[in-house]
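Heads up: the structure comes next, in structure tokens.
The values are calculated or read from the model by the stated rules, or taken from the named source; none is laboratory data. This one's a predicted model, so the numbers in the text were calculated from it and none came from an experiment. Please note: Cβ atoms are built from the backbone with ideal geometry, for glycine as well, and neighbour counts cover all protein chains shown. These accessible areas exclude ligands, DNA and RNA; they are computed on the full protein's heavy atoms, side chains included. Shrake-Rupley method; radii C 1.70, N 1.55, O 1.52, S 1.80 Å.
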Amino acid sequence: MIKFIGNYIKIDTKNTTLLLEIINKRVVKRYYGSKIRDDKDENVFRGFFDESIEFSSSTDDTTYDNTMMSSNGDGANIEFMVKLYTNNNIVSRFIYDSCELVDINEGYTNFPHSYDKKETIKFIYNDVVSGVKLYHYLSTYEDMDVMSSFLELDNTSNELVHINRLMSLQLDFDTSEGTIYTLDGAWTKERFLSKNHVSNTTFKISSVSGASSNVHNPFMMLEIKNQGFYGTNLVYSGNHLELVDMIPVGKMRLLTGLNDYYFDYKLEPNKTFKSPEAIFTFGVDSDSITFNMHRFIKRHIIREDFREMDRPILINNWEATYFDFTKEKLLSLATKAKSLGIELFVLDDGWFSGRKDDHSSLGDWFDNREKTGGLENLSKSLKDLGMKFGLWVEPEMISEDSELFRKHPEYMMRIPNVKPLEKRFQQMLDLTNKEVENYVIEVLSDLFKKVNVDYVKWDCNRYLIDIYSNSNTDLHEYHYRYIKALYNILYTLTTRFPHVLFESCSAGGNRFDLGMMYFFPQAWCSDNTDAFDRLYIQEGTLYAYPQNTMGAHVSITPNHQTEGSVYIDSRFNVAAFGAFGYELDLLKLKKEDLKAIKNQVSFYKKYRDIFQRGDYYRINSVFDSNNFGWISVNKNKTKALATIVIQKFKMNTLKLKFYLKGLNKDYKYKVSVRNQDNLKEAREFVMYGDALMSYGLDFGNLFYQETTRALNSYSFASRLLIIERVK
Ligand code: DGJ
């Protein structure tokens with residue numbers, strides 16, 4: 001609810017308040033945190049504020065003002081949100097003009113944004129230097145305790161304006177220290193949680209590769225003592241920048257948005273430019289940030305048709321065969337998968353043109369019928385079998401050894417007369433060339449139609465390096481224009497094939513972000529399928545993104561990436577907390593393993609809605625505890641599933657407590673342990689919700705059983721708990 005109270009603007013969600021005040025033609029953030037009450041009388045807010053702020057606000061120096069927007073002409077020695085220049089000026093100074101409630105809701109478009117904003121307030125500023133206007137939009141999603149923010153620059157001047165920086169969100173705080181949580185990593189170790197206590201300095205994460213990246217995810221969480229937790233994320237898939245600037249006067253500024261790295265966008269008179277949308281939320285603890293982010297993404301980012309959709313259990317042939325397969329092998333794999341209850345068969349890399357390894361053929365999206373027996377036949381055979389059919393593509397790429405390159409060398413992104421740097425023996429297409437964009441759209445449309453796909457895995461195994469365009473794209477706008485063109489391709493294809501389930505992938509999880517999620521409701525989490533490493537990768541990912549967006553597969557032991565060994569049901573207990581599937585050669589498995597898989601598949605189907613769409617909480621954390629877990633609870637809190645884990649078995653440590661979360665404290669629950677093959681006796685008991693959450697569960701004994709001890713040659717031990725309300 002947005003209320004105007006005297007000089008104040010009070011923006012409430014169910015449990016939070018953002019209180020703004022217009023002072024000296026600036027929009028100042030007075031408070032953001034747990035909900036506070038109000039009155040018709042604005043004086044009920046006055047007592048909150050310190051004299052010194054009043055004092056500073058009456059000067060021209062905005063250093064002490066917690067403004068909601070800033071530019072490089074504000075007179076404050078701190079990082080800022082907007083930087084413009086023209087032929088004659090390098091400074092801009094925005095003066096607040098007015099604000100109004102507006103409706104900016106729109107349907108599915110070719111640039112990602114959140115759906116169904118409850119209310120939006122638009123603040124209008126004038127730049128007294130260049131004459132341009134700036135609009136700041138703040139929206140609420142009341143029940144979610146989430147808000148969003150972005151800027152729009154309107155070139156109302158009569159000269160060309162260069163945009164060097166136009167970020168999406170600024171939040172100022174009265175402190176110069178905080179703890180910052182980010183999701184950082186690299187290939188095969190994506191989104192590990194980092195925790196940095198920072199004071200009186202500038203903290204920065206960013207990506208410069210053209211993708212949101214596996215190095216630093218755009219999600220960020222900030223803990224401020226005596227206040228709580230603030231979570232932010234960006235609805236964008238390209239270069240991003242997050243800054244937390246602190247100065248020793250007790251001042252902190254958080255900024256998130258487009259990275260200004262090689263960004264110089266030329267805005268002609270009468271044209272506008274919008275920054276991507278940033279979302280933000282407040283909560284009393286880190287669980288609340290995760291909870292709010294998950295609910296928001298499920299409801300306001302994912303396309304409507306996929307929100308409540310059961311994501312199919314899939315089998316992917318990549319780790320089963322890599323490039324080495326025949327149509328017979330594929331069909332036997334699919335037939336075996338079907339007999340175990342698996343629903344979707346995904347044909348990964350290697351099915352097209354002359355592709356026999358990763359050195360060639362990207363761009364030539366034509367069926368290698370010798371290998372596949374004809375994709376349309378394969379697709380039909382699978383459907384006759386009662387399975388869905390999925391296909392891997394990597395459409396943003398081109399191999400030098402390809403028909404496409406031989407015919408259209410100008411489609412490749414590369415600098416004339418310079419040997420391009422190679423990554424995985426492949427190059428990128430210059431998507432900013434309209435002809436290339438159209439080629440990708442049409443070649444894929446033909447393919448998807450012909451083979452009747454139900455699912456597409458969209459891979460992207462390198463990033464932007466040799467940036468150049470034969471179609472005269474301004475190179476200082478290139479990173480942004482590449483992503484815009486990509487979004488237009490994704491939009492066109494998802495509009496042409498609205499019922500196809502797309503999963504994004506980028507060498508594992510190099511583009512796991514809300515921009516991609518707006519078009520593609522799932523993303524492959526990591527090429528590292530070792531369930532022990534996945535404990536970290538998945539818990540990190542689940543900090544910010546819900547279970548049904550996160551591709552998670554059971555693969556073979558010893559694992560192909562790490563050679564680590566994990567017990568088959570522990571592999572299941574981990575992967576079950578995502579959009580679930582298998583990626584191993586079922587034809588080479590022992591009878592016991594096939595039996596275990598059959599049981600897993602039917603168990604997952606029974607509880608799929610809770611695994612995929614339940615409310616998720618951490619029970620301790622893999623990042624700081626030997627015993628920890630994850631729990632997913634259904635909407636009315638009558639059923640929950642929890643995976644509990646001991647990372648390392650330690651002798652004579654019996655008191656291993658697990659404090660459950662998210663249950664109804666007044667309900668009585670039956671807790672049972674899923675009958676894994678390595679458990680001699682299934683345990684079952686009844687406890688109230690309050691006891692399960694406060695007294696906790698002591699599982700030392702269970703993990704100490706003889707059978708379990710034998711299993712400690714595996715990298716960790718785990719159990720899956722079923723928690724059901726009983727009267
Ligand atoms: C990288 C992906 O992350 C893998 O899952 C697989 O699809 C390979 N590419 C295929 O080249």
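With a 1.4 Å probe and every protein chain kept in, tell me what percent of the accessible surface of region 435-544 is carbon plus sulfur.
47 percent
Which part of region 460-492 falls in the paramagnetic zone of GLU410, meaning amide N under 11 Å from the point 7 Å along Cα-to-beta-carbon?
Answer for region 460-492: 470-472.
Please list, or write none, the aspartates and glutamates whose alpha carbon is within less than 18 Å of the alpha carbon of LYS407, excluding same-chain residues fewer than 8 places away.
Of all the aspartates and glutamates, those that pass the test against LYS407 - Cα under 18 Å, at least 8 places apart if same chain - are ASP364, GLU396, ASP430, GLU435, GLU437, GLU442.
What accessible area, in Å² to the nearest ten, does a 1.4 Å probe give for PHE263?
Accessible area, nearest 10 Å²: 20 Å².
Quick one: accessible area per residue over region 408-552, 1.4 Å probe, rounded to a whole number of Å²?
30 Å²
Where does each of 250-259, 628-637 land if you order them by average Cβ count within 10 Å, highest first?
So the peptides 250-259, 628-637, ranked by packing, come out 250-259, 628-637.
So how much accessible area does ASP698 have, in Å² to the nearest 10, using a 1.4 Å probe?
50 Å²
Hey, what's region 137-242 come to in accessible area per residue, 1.4 Å probe, Å²?
With all protein chains present, region 137-242 gives 29 Å² per residue.
If r is the Cβ-Cβ distance from LEU475 to ASN452 and R0 is 41 Å, what FRET efficiency results, to the nearest 0.05?
The computed FRET efficiency comes out at 0.50.
Tell me the carbon and sulfur percent of the accessible area for region 58-98, rounded to whole percent, probe radius 1.4 Å.
Roughly 43 percent of what the probe reaches on region 58-98 is carbon or sulfur.
Among residues other than LEU183 whose Cβ falls under 12 Å from its Cβ, what is the net charge (Lys/Arg +1, Asp/Glu -1)?
Charge balance in the 12 Å sphere: -2.
Taking a probe of 1.4 Å, how large is the accessible area per residue of region 305-394, in Å²?
Ligands and nucleic acids excluded, the figure is 36 Å² per residue.
On the accessible surface of region 552-614, probed at 1.4 Å, how many percent belong to carbon and sulfur atoms?
That share works out to 49 percent.
Going by average Cβ neighbours within 10 Å, how do the peptides 467-477, 304-314, 160-170 rank, with the highest at the top?
So the order, starting with the most tightly packed, is 160-170, 304-314, 467-477.
Which pairs in the list LYS388/LYS591; LYS449/LYS484; LYS595/LYS637; LYS356/LYS423; LYS10/LYS639 are over 27 Å apart, alpha-carbon to alpha-carbon?
Exceeds cut-off: LYS595/LYS637; LYS10/LYS639.
Leaving out ligands, DNA and RNA but keeping every protein chain, what accessible area does PHE229 have, in Å² rounded to the nearest 10, with a 1.4 Å probe?
Probe radius 1.4 Å; accessible area of PHE229 about 30 Å².
Calculate log10 I(q)/I(0) of the chain for q = 0.05 Å⁻¹, where I(q) comes from the Debye formula with a single equal point scatterer on each Cα and nothing for solvent.
With no solvent term, the Cα-only Debye profile gives -0.26.
Going through the cross-link list LYS338/LYS383; LYS117/LYS266; LYS83/LYS133; LYS3/LYS35, which pairs have a Cα-Cα distance over 22 Å in this structure?
Too far apart for the 22 Å limit: LYS117/LYS266.
Calculate, in whole percent, how much of the Cα-Cα pair population of region 378-427 lies beyond 15 Å.
60 percent
Of ASP103, ASP615, ASP401, which has the most accessible area with a 1.4 Å probe, and how do the rest follow in descending order?
ASP103, ASP401, ASP615
Just the projected area, averaged over all directions, of the convex hull on the alpha carbon atoms of region 125-189: how many nm²?
With the hull built on Cα positions only, its mean projection is 8.6 nm².
First measure r as the distance between the Cβ atoms of GLU42 and VAL284, then evaluate 1/(1 + (r/R0)^6) with R0 = 35 Å and state the FRET efficiency to the nearest 0.05.
0.85
Per q in 0.09, 0.15, 0.18, 0.24 Å⁻¹, report the Debye log10 I(q)/I(0) for region 352-465, using one uniform scatterer on each alpha carbon and no solvent.
-0.26, -0.68, -0.93, -1.43
Which of the lysines could be linked to LYS204 by a straight reach, that is with a Cα gap under 17 Å, when you skip same-chain ones fewer than 8 residues away?
The reachable lysines, counting only those whose Cα sits under 17 Å from LYS204, are LYS195, LYS251.
Could you tell me the convex hull volume per residue, in Å³, taken over the Cα atoms of region 1-122?
Expressed per residue, the convex hull around the Cα atoms of region 1-122 is 148 Å³.
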